[in-house]
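Step one of this worksheet: look at the structure below.
The values are calculated or read from the model by the stated rules, or taken from the named source; none is laboratory data. Not measured: the values here are computed from a predicted model. Note: ideal-geometry Cβ built from the backbone for every residue, glycine included; neighbour counts use all protein chains shown.
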Amino acid sequence: MTRAQVQNLTAFAVNLTPANGPAVAQAPQLPIHGASIYGAQQCTFCHLVNGEGQAVGPTLNGVAGRRDAEWLVGHFREPAVFVPGSTMPPLDLPEPQMDALVSYLLALPN
């Protein structure tokens with residue numbers, strides 16, 4: 001496992017409780033896969049999700065209320081085109097991984 005994967009697994013295990021265990025077991029697989037991609041791409045170096053990460057870029061909770069999937073994909077591929085002056089590096093993922101990452105972000109609570 002990579003360091004990012006170990007950190008993600010540790011964070012998951014620490015936050016798993018008897019109260020939220022059943023919900024985790026029923027979670028859709030695409031956003032779960034997207035969460036692992038989010039961690040592997042080290043997005044937490046710049047973004048906050050559920051209070052975890054850094055506040056260099058925007059907080060990603062509630063992004064579904066601000067952006068749609070098409071915008072997110074375009075922004076990931078060419079950040080400076082969608083947000084002039086953005087310092088985010090382009091993210092060139094294969095389509096299945098991009099779909100999973102976007103699914104995860106759109107599933108985040110406010």
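Inspect segment 90-105 for any residue being of a type in the set (S, T, N, Q) and without any contact (Cβ under 8 Å) to a residue 12 or more places away in the chain and give the result as yes or no. Scanning segment 90-105 turns up no residue that is of a type in the set (S, T, N, Q) and without any contact (Cβ under 8 Å) to a residue 12 or more places away in the chain.
Residue selection: ALA4 fails the criterion of being at pLDDT below 90, of a type in the set (A, V, I, L, M, F, W, C) and in contact with a strand residue (DSSP E or B) (Cβ under 8 Å, 6 or more places away or on another chain). Considered as a group, the residues in segment 52-110 that are of a type in the set (Phe, Trp, Tyr) and crowded, with 17+ Cβ neighbours inside 10 Å include one that is nearest to ILE32 (Cα to Cα), and that residue is TYR104.
Considering each of GLY57, GLY34, GLY21 in turn, give the residue that is among the small types (Gly, Ala, Ser) and over 20 Å from SER103 (Cβ atoms). Walk me through how you get there before you give the answer.
On the way: GLY57 fails: over 20 Å from SER103 (Cβ atoms); GLY34 fails: over 20 Å from SER103 (Cβ atoms).
One residue alone meets the criteria, GLY21.
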